Amino acid sequence: MKSQSQKNSGETHVLLAGSKREMRPGSQVLGVADPDEWLELTIKLRRKKALPEPGTGGAKGAKPLSRTELLAQYGADPADIEKVRTVLTGLGMKILKEDAATCTVRAGATAAVVESVFQVRLFHYSHPKGNYRGRKGDLHVPAELSGIILAVFGLDNRKMVKRRPLRRRKHSLNLAQREAASRSWFYPAELAAIYSFPSGDGAGQTVGLLEFGGGYFADDLTTFCQNADVAVPVVKTVSVNNTPTDQRDGAEGEVMLDVEVVAGVCPKAAIVVYFSTFDEGGWVSAVDTAVHDEQNPLNVISVSWGYAEDAPGAWSAGALDAINDSLKAAALLGVTICVAAGDDGSDDQVGDGHAHVDFPSSSPYVLAVGGTTLKKSATGVITETAWKDGDGLRNDNGGSTGGGVSTYFARPSWQTVDINSVNPGSIVGRVVPDVAADASANTGYWMVVDGQGGVSGGTSASAPLWASLIALLNSSLDKPVGYLNPLLFQAGTGGKTLGQTGFRDITSGNNETASIGGYVAGTGYDGVTGWGVPVGTALLNGLK
């Protein structure tokens, strides 16, 4: 038996670790790929040296790296890029783009050439969730590039199972003017007030949003801003690898919810919306494009999409590692990335009986955002519990906050909690979420999409609400909040951690939707709502 480092195929190729993919359950082979089909690949290269663990960021931590420093110290080696260019072009591929900062080469070729270069066979598959071009097994890279190429994306374009949106309750736009005491839903600014966000309108801040479907529609935002009585912010769309930015494919509600939540809290902030494809290659390119966007420098990004990190036939190890490495670079740059923790509780849309957590929220380098159900009485009394509507599953018209213990990412040294996975034999993994905010559609957010008003929710709403809070905190601090997670566990004045002093603890509710069980909210940090919901001014004072 050959080891991973041994050559094959006439001693010309070497196995690419982490590249193995399985057929998605429920797929059927339709036939081999057309040898003349044009493919464009994203190829990840090694760094000059591995990224260090980020410091504690924020107001108390180490100074973030500049993008120039990151490139100089940890970018791809120009000699490696040159070697990749020489070898791939010699084998018939065309180099489309080289980027040392993201350690990426974009290259194109026909399917026949790609199959030869990476020793793979491509097929077309049918699947109830959508047909795709895919592969089975490992990739192999030319032996001369062994150790230089870390991952290859774009051969397989299966869609990561798209989040099924929470059922949006549609209403007449006239209902947008109902008095707060006579309705169960909120405008984003009302939630910002309940959570004591620092004063401000986001002026001077730029908030990035990652989207993997749908489109941005200015008319809907204008109507929303009229309803919410806020100024209309400047919104810019960025197409990643020529992805459309104006699709009405059913996912536009996800996009407009993200945009409108930020607009409702930070109407003077600039909002940049990055559209990419909902597959592994699209994820890699979207994160890199946003984190390294020199035209629109970002200090905060919100992501409302994801899928279970260990779902059968979903993420490859190479994709988990490549995206996590880019998120680590973002932490070193001082960019806070708020990621929705999922909307199906501990089952996380997998349905195999075990508990699962969502990626990329399970990355140690993002702020994973869970959900609550927030009720405000006619007299202004607030009650709040962990979010779980119905049986907690969206397929049954319910929903519940994601949360639990990662099966892939080890628990970071700063996450000093004693929470065990409900799965037998599990690793001591990263625990999510870190924080929470209102997410139930029953106590959700007013939004406008496709010309209609409605109420929506999910951690897809609580994530951009948190991104808005980070933007306001950044406005009030002398440097960006950056990598917030470790700071939440640091003791401050009086010996209490920032997670204790900067939050209102949520102590009731659970996210048990998997047959094996789930997690329960309790005093202090837990795997359902993290530290709880923000007390924005207290968080600001703690950071100062």
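The values are calculated or read from the model by the stated rules, or taken from the named source; none is laboratory data. This one's a predicted model, so the numbers in the text were calculated from it and none came from an experiment. Neighbour counts run over all protein chains shown; Cβ positions are idealised from the backbone, glycine included. Each accessible area value is taken on the protein alone, full model and side chains, heavy atoms only, with ligands, DNA and RNA left out. Shrake-Rupley method; radii C 1.70, N 1.55, O 1.52, S 1.80 Å.
Restricting attention to segment 236-259, does a residue exist that is at pLDDT below 95, more than 21 Å from G454 (Cα to Cα) and among the polar types (S, T, N, Q)?
yes
Show me the strands (runs of 3 or more DSSP E) entirely contained within segment 133-184 in which 1 or more residues are modelled with pLDDT of 90 or more and not basic (K, R). Step through it out loud before you land on a result.
Working: elements: 140-142, 149-153, 169-171.
In segment 133-184, 140-142, 149-153 are the strands (runs of 3 or more DSSP E) which contain 1 or more residues that are modelled with pLDDT of 90 or more and not basic (K, R).
Taking segment 344-369 only, how many residues are open to solvent by 10 Å² or more (accessible area, probe 1.4 Å) and of a type in the set (V, I, T)?
1
Given the criterion in contact with a His (Cβ under 7 Å, 6 or more places away or on another chain) and open to solvent by less than 30 Å² (accessible area, probe 1.4 Å), identify the matching residue among A514, A463, A471.
Going through A514, A463, A471 in turn, just one is in contact with a His (Cβ under 7 Å, 6 or more places away or on another chain) and open to solvent by less than 30 Å² (accessible area, probe 1.4 Å): A514.
The conditions are (1) open to solvent by less than 40 Å² (accessible area, probe 1.4 Å); (2) closer than 21 Å to D505 by Cα; (3) among the β-branched types (V, I, T), and V449 fails exactly one of them. Which is it?
(2)
Would you mind telling me which numbered condition in (1) at pLDDT 95 or above; (2) at positive phi; (3) in contact with a helix residue (DSSP H, G or I) (Cβ under 9 Å, 6 or more places away or on another chain); (4) not hydroxyl-bearing (S, T, Y) Q349 fails?
Looking at each condition in turn, Q349 falls short on (1).
Out of the residues in segment 289-303 that are touching a residue at least 40 places away in the same chain (Cβ under 8 Å) and open to solvent by 10 Å² or more (accessible area, probe 1.4 Å), state the one that is nearest to V335 (Cα to Cα). Show your work before the answer.
Step one: filter segment 289-303 for residues touching a residue at least 40 places away in the same chain (Cβ under 8 Å), giving 289-294, 296-303.
Pick out the ones that are also open to solvent by 10 Å² or more (accessible area, probe 1.4 Å) and you get 289, 292-294, 296-297, 299.
Working: T289: 13, H292: 10, D293: 12, E294: 13, N296: 13, P297: 10, N299: 4 Å.
Filtering segment 289-303 for residues that are touching a residue at least 40 places away in the same chain (Cβ under 8 Å) and open to solvent by 10 Å² or more (accessible area, probe 1.4 Å), the one nearest to V335 (Cα to Cα) comes out as N299.
Considering D434, D418, which residue is open to solvent by less than 10 Å² (accessible area, probe 1.4 Å), of a type in the set (D, E) and under 21 Å from G530 (Cα atoms)? Show your work before the answer.
Numbers: D418 fails: open to solvent by less than 10 Å² (accessible area, probe 1.4 Å).
Just a single option satisfies the conditions, and that option is D434.
Whether any residue in segment 75-97 is in a loop (DSSP other than H, G, I, E, B) and basic (K, R) is what I want to check.
Taking every residue of segment 75-97 in turn, none turns out to be in a loop (DSSP other than H, G, I, E, B) and basic (K, R).
Within the group K83, K44, K94, which residue is within 25 Å of T277 (Cβ to Cβ), among the charged types (D, E, K, R) and over 29 Å from the mean Cα position of the chain (by Cα)? I'd like the intermediate steps shown before the answer.
On the way: K83 fails: within 25 Å of T277 (Cβ to Cβ); K44 fails: over 29 Å from the mean Cα position of the chain (by Cα).
Of the residues listed, the single one that is within 25 Å of T277 (Cβ to Cβ), among the charged types (D, E, K, R) and over 29 Å from the mean Cα position of the chain (by Cα) is K94.
Restricting segment 194-247 to residues that are within 25 Å of T443 (Cβ to Cβ) and among the hydroxyl-bearing types (S, T, Y), which is nearest to the chain's Cα centre (by Cα)?
Y195
What about E211, is it buried (at least 24 other Cβ atoms within 10 Å of the Cβ) and on the phi < 0 side of the Ramachandran plot?
Considered against the rule, which asks whether it is buried (at least 24 other Cβ atoms within 10 Å of the Cβ) and on the phi < 0 side of the Ramachandran plot, E211 comes out as yes.
Quick one: in segment 521-544, which of the residues that are of a type in the set (A, V, I, L, M) and within 17 Å of A439 (Cα to Cα) is most open to solvent (accessible area, probe 1.4 Å)?
Here is the first cut: in segment 521-544, the residues of a type in the set (A, V, I, L, M) are 521, 528, 533, 535, 538-540, 543.
In the following step, the residues that additionally are within 17 Å of A439 (Cα to Cα) were identified as 521, 528, 533, 535.
Values: A521: 10, V528: 0, V533: 0, V535: 43 Å².
The qualifying residue most open to solvent (accessible area, probe 1.4 Å) is V535.
Grab the strands (runs of 3 or more DSSP E) fully contained in segment 345-462, keeping just those with 1 or more residues being under 26 Å from F197 (Cα atoms). Spell out the reasoning first.
On the way: elements: 367-376, 382-386, 404-410, 429-432, 435-438, 445-449, 452-456.
Filter on segment 345-462 gives 367-376, 382-386, 429-432, 435-438, 445-449, 452-456.
Which residue is nearest to F275 (Cα to Cα), if the candidates are limited to segment 207-242 and must be free of Cβ contacts under 8 Å to residues at least 12 places away in the same chain and assigned to a helix (DSSP H, G or I)? Even if it seems obvious, please write down each step before you answer.
Quick first cut of segment 207-242, residues free of Cβ contacts under 8 Å to residues at least 12 places away in the same chain only: 222, 226, 229, 242.
Of the ones still in play, those that are also assigned to a helix (DSSP H, G or I) are 222, 226.
Working: T222: 21, Q226: 26 Å.
Among those that are free of Cβ contacts under 8 Å to residues at least 12 places away in the same chain and assigned to a helix (DSSP H, G or I), it is T222.
Matching residues to (1) assigned to a strand (DSSP E or B); (2) open to solvent by 40 Å² or more (accessible area, probe 1.4 Å); (3) in contact with a strand residue (DSSP E or B) (Cβ under 9 Å, 6 or more places away or on another chain); (4) at pLDDT below 85:
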position	(1), (2), (3), (4)
L39	yes, no, yes, no
K44	yes, no, yes, no
P52	no, yes, no, no
A59	no, no, no, yes
T68	no, yes, no, no
